[in-house]
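Once you've had a glance at the structure underneath, I'll fire off some questions.
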Amino acid sequence: MKATAIAPANIAFIKYWGKKDDALRLPLNASISMNLSSAYTTTTVEFSKEYNTDLVEGAFTPKEIQRIIAHLERIRGRAGVTLKARVMTKNSFPKGAGIASSASGFAALTVAAAGALGLKLSEKELSILARLGSGSACRSIPDGFVEWEEGQSSETSFARSIYPADHWDLRDIVCLVTSKQKDVGSSSGMENVKTSPLLDKRLAAIPGRIAKMKEALKIKNIQLLGEVIEEDCLDMHAVMQSQTPPLNYWTDETRQIMDAVRQWRKEGLSVYFTIDAGPNVHLICEGKDEKEVVRKITEIGGVREVIINKPAKGALLVY
Ligand code: PMV
């Protein structure tokens with residue numbers, strides 16, 4: 001009873017920050033993302049009566065291991081089995097540094113564990129199950145460009161593909177400014193979201209942004225897409241930074257890259273930035289501008305590594 005799954009991380013163009021139900025991980029707002037081709041997790045899960053306890057291999061904290069085991073429990077419950085499991089996992093990128101390792105990690109764990117137990121789940125069911133492990137993981141299940149509708153219950157809060165990966169040749173060029181594990185993870189960071197005086201304004205703006213984003217994706221307009229991406233990124237970080245206690249994920253390098261991107265745009269290059277719960281900056285542009293963006297970014301000191309992503313398919317059971 002063994003299976004391996006591979007699942008992409010995703011970059012949110014419209015971000016998820018805050019839950020209306022913590023246990024069910026129901027988000028305060030809908031979000032839109034793109035799966036990433038070069039940032040993924042490969043996970044093997046083996047259930048066996050040989051194991052007396054769950055074995056989670058890899059560099060995880062005790063809290064992370066607990067969360068992984070709680071997720072295994074959910075999937076065992078679904079299948080009606082009590083067998084313990086061994087979990088082996090590998091990321092193609094540094095964990096916890098602003099690329100959503102929890103998204104690819106819980107998506108891969110969900111698909112591998114369900115596959116190993118022979119559960120025949122639909123994409124919607126897998127997305128719901130992944131969401132219970134980590135919110136943004138539900139967006140790593142479907143193909144390409146994805147919307148997570150907030151929903152009002154567990155059954156109505158899941159992600160679906162808006163366009164397949166080959167719809168638009170976009171790039172997410174991730175600039176890693178550090179591989180240090182972040183101090184405050186997104187789950188605990190968003191617990192204080194309601195202390196921000198800017199939250200209500202953010203939530204009121206989201207439906208309009210979602211509509212603009214869908215239009216930008218439909219007509220493949222990089223300028224419209226980029227403007228909405230930056231607006232929503234800055235809005236989410238304004239909420240984070242105005243929470244009590246304030247949450248600041250940016251470093252000097254982060255700000256330096258944001259300034260550089262604004263300057264490059266003035267010079268005619270269509271590139272936009274977005275940032276998740278970490279210091280790294282994701283540069284969004286069209287495929288035709290990839291080389292120029294990479295050339296320019298490598299001229300900036302402080303960028304340790306660059307990961308070039310195309311839109312990718314969702315989570316897959318590989319064997
Ligand atoms: O589901 P989590 O805990 O990985 O939260 C993700 C939060 C952000 O990355 C900051 C935004 C998003 O929508 O991906």
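Just by accessible area at a 1.4 angstrom probe, what is the order of K2, K124, K15 from largest to smallest?
The residues order as K2, K124, K15, largest area first.
A further question follows. How long are the semi-axes of the ellipsoid equivalent to the chain, from square roots of 5 times the Cα gyration tensor eigenvalues, in whole Å, largest first?
Listed largest to smallest, the semi-axes of the chain are 32, 20, 19 Å.
A further question on this structure: Determine the shape class of region 57-149: with a ≥ b ≥ c the square roots of the Cα gyration tensor eigenvalues, call it rounded for a/c under 1.5, and otherwise prolate if a/b is greater than b/c, oblate otherwise.
Details: a/c = 1.86, a/b = 1.06, b/c = 1.75.
Oblate, since a/c reaches 1.5 and b/c is not below a/b.
Now for a different question. What accessible area, in Å² to the nearest ten, does a 1.4 Å probe give for W17?
Solvent-accessible area, nearest 10 Å²: 10 Å².
In square nanometres, what is the average projected area of the Cα convex hull of region 153-218? Can you show the working numbers first?
Working: hull surface 30.1 nm².
Mean orientational projected area (region 153-218, Cα hull): 7.5 nm².
Another question, if that's okay. Mind ranking I162, I307 by accessible surface for me, highest first, 1.4 Å probe?
I162, I307
Quickly estimate the mean residue ellipticity at 222 nm for the chain, helices only: each DSSP H run with n ≥ 4 gives -39500 (n - 2.57), and the total goes over all residues, rounded to 500. Don't jump to the answer; show the numbers that get you there.
Working: 8 runs with 114 residues, N = 319.
Taking each H run of at least 4 residues, the total per residue is -11500 deg cm²/dmol.
Lys and Arg at +1, Asp and Glu at -1: add these up for the other residues within a Cβ distance under 12 Å of A211 and post the number. Don't skip to the end; give the middle numbers.
On the way: positive: R209, K212, K214, K218; negative: E147, E215.
Counting the neighbours of A211, the net charge comes to +2.
Next question, about the same structure. Quote the accessible area belonging to S37 in square angstrom, nearest 10, computed with a 1.4 Å probe and with ligands, DNA and RNA left uncounted.
50
Put a dot 7 Å past each Cα toward the Cβ at I219 and T251; how far apart are the dots in nm?
Rounded to a tenth, the inter-label distance reads 4.0 nm.
Something else about it: Need the full-extension length gain, A211 to L24, defined as separation in residues times 0.36 nm minus the C-alpha distance. One decimal, nm.
Full-extension gain reported as 64.7 nm.
Place the peptides 212-220, 273-281 in order of packing, highest mean first, counting for every residue the other Cβ atoms within 10 Å and averaging per peptide. Before the final figure, lay out the partial values.
Numbers: 212-220: 16.4, 273-281: 24.4.
Descending packing order for the listed peptides: 273-281, 212-220.
A follow-up question, please. For the chain, what % of the accessible area comes from carbon and sulfur atoms, probe 1.4 Å?
Whole-percent figure for carbon plus sulfur exposure: 52.
Within region 202-239, what residues put their amide N at less than 18 Å from the label point 7 Å along the Cα-to-Cβ vector of E149?
206-215
The values are calculated or read from the model by the stated rules, or taken from the named source; none is laboratory data. Everything numeric here is computed off the predicted structure, so don't read it as measured data. Every residue, glycine as well, gets a Cβ built from its backbone with ideal geometry; the counts of neighbours run over all protein chains shown. These area figures cover heavy atoms from the full protein model, side chains too; ligands, DNA and RNA do not enter into them. Shrake-Rupley method; radii C 1.70, N 1.55, O 1.52, S 1.80 Å.
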